[in-house]
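Take a look at the structure below.
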Amino acid sequence: MKQIAHDLLEINAVTLAPQKPFIWASGIKSPIYCDNRLTISYPKIRTRIAQGIATLIKDTFPEVEVIAGTATAGIPHAAWIAEELQLPLVYVRSKPKDHGQGKQIEGVLHAGQKTVLIDDLISTGGSVLQAVRASQKEGAEVIGVCGIFSYQLKAATENFAQAKIPFETLTNYSELIDVAEEEQRINAVEKRLLQNWRKDPENWQ
């Protein structure tokens, strides 16, 4: 959705800096920085996101029975999406609690329930696929993952394919840089740099 791509750029949830790249924790140079947590502070934008992902789920995963949010960034969006769909909500911790009952999943999740996990951002898919495995361990039938934005990295495609989990996002890297060019936030040279990064992020520049 171009509107969501515009929204992310407008509130600086996504920053494009092809001439002065960011350094990820992995050491990879990146011309993009994404912080979708900012979206929760903008009621109109978070509503568009919730309604957009709810529609995406109805179209792609109509048999869904439970919405699950990944800690922490996916939780608020999962709550709004669950409300839109009038479905039960759970959330998945990054690891089990080290006290009490040692739960990793909070809320009521019954074995066999068809579950869609929500995350704010798909990079390589590592963190949300951990949440998928935790849900499966509790007996959930995870039928898909939905997010706001995807970098469209090859690693994500491979990781989700290996896990046999489909995923969908409202907008993605290609659409976002198209919108950025249309809105004159980047020029043609910068767009080429951005496109080259997605092809080979580890050896870019």
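Do we have any residue at all in segment 84-102 that's part of a loop (DSSP other than H, G, I, E, B), open to solvent by less than 40 Å² (accessible area, probe 1.4 Å) and farther than 18 Å from I165 by Cβ?
yes
Within the group K29, K44, which residue is at pLDDT 95 or above and open to solvent by 80 Å² or more (accessible area, probe 1.4 Å)?
Only one candidate qualifies: K44.
Out of curiosity, is T72 among the hydroxyl-bearing types (S, T, Y) and buried (at least 21 other Cβ atoms within 10 Å of the Cβ)?
So T72 fails the test.
What residue, among those in segment 193-205 that are without any contact (Cβ under 8 Å) to a residue 40 or more places away in the chain and surrounded by 12 or more Cβ atoms within 10 Å (Cβ to Cβ), is farthest from the chain's Cα centre (by Cα)?
N196
Just wondering, is there one or more residues in segment 140-153 that are in contact (Cβ under 8 Å) with a residue 60 or more places away in the chain and aromatic (F, W, Y)?
For segment 140-153, residues in contact (Cβ under 8 Å) with a residue 60 or more places away in the chain and aromatic (F, W, Y): present.
Run Q162 past the list (1) in contact with a Pro (Cβ under 9 Å, 6 or more places away or on another chain); (2) farther than 17 Å from T15 by Cβ; (3) in a helix (DSSP H, G or I) and report the number of the one that doesn't hold.
(1)
When residues of segment 38-63 are filtered for being touching a Pro at 6+ places or on another chain (Cβ under 9 Å) and either in a strand (DSSP E or B) or of a type in the set (K, R) (or both), how many remain?
So the answer is 1.
For I11, all conditions in the list (1) within 25 Å of E190 (Cβ to Cβ); (2) at pLDDT 95 or above; (3) touching a strand residue (DSSP E or B) at 6+ places or on another chain (Cβ under 9 Å); (4) surrounded by 14 or more Cβ atoms within 10 Å (Cβ to Cβ) hold save one; what is the number of the exception?
Of (1) within 25 Å of E190 (Cβ to Cβ); (2) at pLDDT 95 or above; (3) touching a strand residue (DSSP E or B) at 6+ places or on another chain (Cβ under 9 Å); (4) surrounded by 14 or more Cβ atoms within 10 Å (Cβ to Cβ), only one is false for I11: (3).
Given the criteria open to solvent by 10 Å² or more (accessible area, probe 1.4 Å), assigned to a strand (DSSP E or B) and either without any contact (Cβ under 8 Å) to a residue 12 or more places away in the chain or closer than 18 Å to T55 by Cβ (or both), does I118 qualify?
The answer is no for I118.
The values are calculated or read from the model by the stated rules, or taken from the named source; none is laboratory data. Fair warning: this is a prediction, and the values are worked out from it, not measured in the lab. Every residue, glycine among them, receives a Cβ derived from its backbone with ideal geometry; neighbour counts consider all protein chains shown. Calculation scope for accessible area: heavy atoms of the full protein, side chains included, ligands and nucleic acids excluded. Shrake-Rupley method; radii C 1.70, N 1.55, O 1.52, S 1.80 Å.
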